[in-house]
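For reference, the structure is listed below as structure tokens.
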Amino acid sequence: MGFADDHLIPLVDEGLGNSAYLVDLGEGHALAVDASRDLRALRTAAGRRGLSVAYAADTHLHADFLTGALQLAADDGATVLASTAGHRDFPHTALADGDETDLGGLTLRALATPGHTDEHLSFLLLDGTRELGVFTGGSLIVGSAARTDLLGADRADELARAQYHSLRRLTQLPDTTAVWPTHGAGSFCSAPPGAERTTTIGAQRRANALLTAPDEDTFVRQLLGSLGSYPAYFDRLGEINRRGPAVLGTAPTLAALTAAETRQLLGEGAQIIDVRPVADFAHGHIPGAISIPLRDQFATWLGWLLPDATPMVFVTAPGQDLAELTWQALKIGYERLAGHLDWDAWQADGGEQQTIDLLTADRIADRPVLDIRQQAEHATGHIPGAVGIELAELTARSDEAPAGAVVACGHGERAMTAASLLARAGHDDLAVLDGGPGDWAKATGRTLETGA
């Protein structure tokens with residue numbers, strides 16, 4: 001089978017900022033690269049073409065999601081392809097630098113590209129001797145390279161130097177070679193903003209600032225200097241992926257709970273996560289609940305703010321997608337899902353409620369502002385005088401939050417999460433900005449402040 005552009009199907013997870021890939025190999029067979037445990041999009045794409053996954057390749061031990069390779073092995077009989085250096089505890093074809101796998105007409109060649117992780121491989125897809133493209137995982141990405149501090153700050157410099165040499169190796173490929181990264185815009189594995197998720201070697205040689213660094217030391221300074229914070233759950237998933245996440249026998253479901261069952265679970269130490277929209281939470285919520293609205297970024301903030309060992313009860317609004325909620329939790333290893341409580345059922349039972357004011361930009365007047373965005377976001381433009389504390393640091397630094405603060409982020413979702421954490425810590429007289437700094441500037445005609 002000759003390879004055509006439509007034989008490669010990118011599967012983008014907008015919330016985590018990642019891409020998996022499905023490659024139609026012909027005769028009903030497919031290759032999956034860096035598939036997540038949430039295989040819904042992959043199954044849909046494969047079903048449209050009548051494909052079964054024959055090979056499941058992982059470029060590295062992922063920190064931001066659980067691999068779907070074992071599920072594909074169990075369901076489709078896929079052969080798992082992964083690095084020898086990863087020492088995975090489950091059956092797989094262990095590959096070292098230069099090893100090739102015959103895909104039935106096309107060839108997949110493993111290239112050792114350490115940096116993002118020690119055992120990182122890129123996979124070069126060949127049609128005979130012609131380089132079609134390279135799955136670069138977390139090595140070369142559009143406009144950058146993935147972070148090198150996931151194995152600890154003490155190894156970040158060493159791995160950045162390995163990343164330098166890995167990128168130089170990849171750029172020896174022909175300029176026309178397609179580059180298919182896993183990490184893209186929105187990934188906390190360090191990807192710059194931008195709409196493009198795939199590229200070519202030639203385009204990156206011309207436009208990637210890291211590739212124009214004059215020497216290794218400059219490259220390392222630039223890469224390490226670009227790194228912000230990353231979700232706490234990243235520290236756990238690499239080892240789970242090495243051991244192999246549990247294979248799921250049936251489609252997961254989320255049990256419906258009564259108000260009485262919810263109270264019992266709360267008494268046993270369960271955590272309430274309210275996934276309703278911001279305005280719904282503002283108008284009434286269970287005391288102590290944490291607001292994490294269900295959206296593309298739900299998994300990131302669930303994994304960043306809450307431990308995976310605590311049983312979780314989710315407060316939902318009628319019509320919310322329970323399958324989406326469940327899969328977002330499962331793909332990052334959160335499996336203690338006690339069930340969901342419909343908010344109407346809590347109200348009908350006379351359950352206690354609290355409220356938080358949701359204010360438009362023209363109503364915050366001279367109240368103190370707490371900006372809980374990432375440092376880089378805060379620096380690009382914030383309400384003058386706003387105190388900046390990243391959301392992930394807020395629980396540990398709640399005593400630094402100004403009394404009676406209006407909590408702000410870019411749109412309101414993270415701000416409501418922050419306000420719920422502060423309320424649980426004993427802060428009252430809180431409000432949340434409905435919108436972001438840009439809305440404040442438009443409403444007041446004043447200029448945003450830049451810098452730290």
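The values are calculated or read from the model by the stated rules, or taken from the named source; none is laboratory data. Note that the structure is a prediction, hence the values are computed from the model and not measured. Don't worry about glycine lacking a Cβ; one is built from the backbone with ideal geometry, like all the others, and counts go over all protein chains shown. Each accessible area value is taken on the protein alone, full model and side chains, heavy atoms only, with ligands, DNA and RNA left out. Shrake-Rupley method; radii C 1.70, N 1.55, O 1.52, S 1.80 Å.
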Problem set entry | Under the Karplus curve 6.51 cos²θ - 1.76 cosθ + 1.60, θ = phi - 60°, whole-Hz ³J(HN,Hα) for the range 25-33, x wherever Gly or Pro sits | 8, x, 6, x, 10, 9, 10, 10, 10
Exercise. By how many nm would the segment from Ala207 to Ala365 lengthen if fully extended, with 0.36 nm per residue of separation less the alpha-carbon distance?
Worked result: 52.5 nm
For this session: Run the 1.4 Å probe and let me know the accessible area of Glu268, rounded to the nearest 10 Å².
Result: 120
For this session: Divide by every residue of the chain the summed helix terms, -39500 (n - 2.57) for each DSSP H run of at least 4, and state the resulting mean residue ellipticity at 222 nm, rounded to the nearest 500 deg cm²/dmol.
Result: -7500 deg cm²/dmol
Exercise. Rank Arg276, Arg446 by accessible area, highest first, at a 1.4 Å probe radius?
Worked result: Arg446, Arg276
Exercise. Accessible area of Trp440, 1.4 Å probe, to the nearest 10 Å²?
Worked result: 10
Seminar exercise, completed: Residue separation between Arg446 and Gln172 times 0.36 nm, minus their alpha-carbon distance, gives in nm 93.6 nm
For this session: Please determine, in degrees from 0 to 90 and to the nearest 10, the orientation of helix 40-49 with respect to the longest principal axis defined by the Cα atoms of the chain, where the helix direction is its Cα long axis.
Result: 40
Exercise. Once you put a point 7 Å from the Cα of His87 and another 7 Å from the Cα of Asp215, both along the Cβ direction, what distance in nm separates them?
Worked result: 3.6
For this session: Kindly write out, for the range 432-437 in residue order, the coupling ³J(HN,Hα) from the Karplus curve 6.51 cos²θ - 1.76 cosθ + 1.60 (θ = phi - 60°), rounded to whole Hz, with x marking Gly and Pro.
Result: 10, 6, 7, x, x, x
Exercise. In whole angstrom, how far apart do the alpha carbon centroids of the range 116-192 and the range 385-408 sit?
Worked result: 36
Exercise. Which label belongs to the value computed from this structure, given these candidates for semi-axes √(5λ) of the Cα gyration tensor in Å: [x] 42, 23, 22; [y] 40, 28, 18; [z] 36, 24, 22?
Worked result: [y]
For this session: Between Glu100 and Asp296, take the C-beta separation as r, use R0 = 51 Å, and let me know the FRET efficiency to the nearest 0.05.
Result: 0.90
Exercise. Quick one: ranking Lys442, Lys331 by accessible area, 1.4 Å probe, largest first, what do you get?
Worked result: Lys442, Lys331
Exercise. Non-local amide H neighbours of Ser190 (under 5 Å, H modeled in plane, Pro and chain starts lacking H): which ones?
Worked result: Arg147
For this session: At 1.4 Å probe size, with every protein chain present, just tell me what the per residue accessible area of the range 37-193 comes to in Å².
Result: 34
For this session: Mind grabbing the accessible area of Tyr164 for me, 1.4 Å probe, Å², rounded to tens?
Result: 40
Exercise. Going by alpha carbons, how many degrees (0 to 90, nearest 10) lie between the helix axis of 216-225 and the longest principal axis of the chain?
Worked result: 30
Seminar exercise, completed: In degrees, nearest 10, the alpha-carbon axis of helix 413-424 is tilted away from the dominant principal axis of the alpha carbons of the chain by 50
Seminar exercise, completed: The ³J(HN,Hα) series, computed from each phi in the range 174-185 with the Karplus coefficients 6.51, -1.76 and 1.60 at θ = phi - 60°, rounded to the nearest Hz and given as x for glycine or proline, is x, 4, 7, 5, 5, 10, 10, x, 8, 7, x, 3
Problem set entry | Arg130, Arg37, reordered so the largest accessible area comes first (probe 1.4 Å) | Arg130, Arg37
Exercise. If we sort 58-66, 75-83 on the protection proxy, mean other Cβ atoms within 10 Å, highest first, what's the order?
Worked result: 58-66, 75-83
Seminar exercise, completed: Percent relative contact order for the chain, counting Cα pairs under 8 Å at least six residues apart, stands at 12
